[in-house]
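The values are calculated or read from the model by the stated rules, or taken from the named source; none is laboratory data. Bear in mind the structure is a predicted one, so any value in this text is a computation, not a measurement. Because the Cβ atoms are built from the backbone with ideal geometry, glycine has one as well, and the counts that use them run over all protein chains shown.
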Amino acid sequence: MAPYNATVTAEVFNGVEGFLIVAGSAKILAELRACTDGTQCKGLLIAKAYAIPEGVTKAELLESINDFNAREPFVKMLLTQDGQSVLATRYVICDHGLTYGNLRVEFSALDGISSSFAREVLGLS
């Protein structure tokens, strides 16, 4: 992703191999996926994490996440199991391949849409 001033490094997240893509202030995690039912399906799970600022209650956060998810079909927001972060996630179906341009659009959309959640709900700039 060098033409777009991004770096990609192999990482392990919770025991799962994946990639960390960094472009400017955006950091996106990518994990390759495949079906185990013999269908040969392939996909890519991309995610961006946001720390929860002090003063935001879990109840407020869950309500905001539910409201956001109800109106935004492209990205899903999730509260992590430890309750310390919110993950913006997107699953990309790659059964017939994935072009570089489409990958850029997927990353850009995840970053842009999740950033609006971060501004509106978490008060992050």
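Within the range 67-81, the set of residues being of a type outside the set (A, V, I, L, M), without any contact (Cβ under 8 Å) to a residue 40 or more places away in the chain and either surrounded by 15 or more Cβ atoms within 10 Å (Cβ to Cβ) or over 15 Å from V56 (Cα atoms) (or both) comprises D67, N69, R71, P73, F74, K76, Q81.
Only one of the numbered conditions (1) in contact (Cβ under 8 Å) with a residue 60 or more places away in the chain; (2) surrounded by 15 or more Cβ atoms within 10 Å (Cβ to Cβ) is not met by V56, and that is (2).
A Cβ distance below 8 Å, combined with a sequence gap of six or more or placement on separate chains, defines the contacts here; from the range 22-50, residues that are without any contact (Cβ under 8 Å) to a residue 12 or more places away in the chain reach residues that are loosely packed, with under 11 Cβ neighbours inside 10 Å and not basic (K, R) in the pairs A34/Q40. E106 meets the stated requirement of being under 11 Å from the mean Cα position of the chain (by Cα) and under 27 Å from G123 (Cα atoms).
Conditions (1) outside any helix (DSSP H, G or I); (2) at pLDDT 85 or above, marked per residue:
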| site | (1), (2) |
| --- | --- |
| V12 | yes, no |
| E17 | yes, no |
| A30 | yes, yes |
| D37 | yes, no |
| Q40 | yes, no |
| L45 | yes, yes |
| K48 | yes, yes |
| N66 | no, yes |
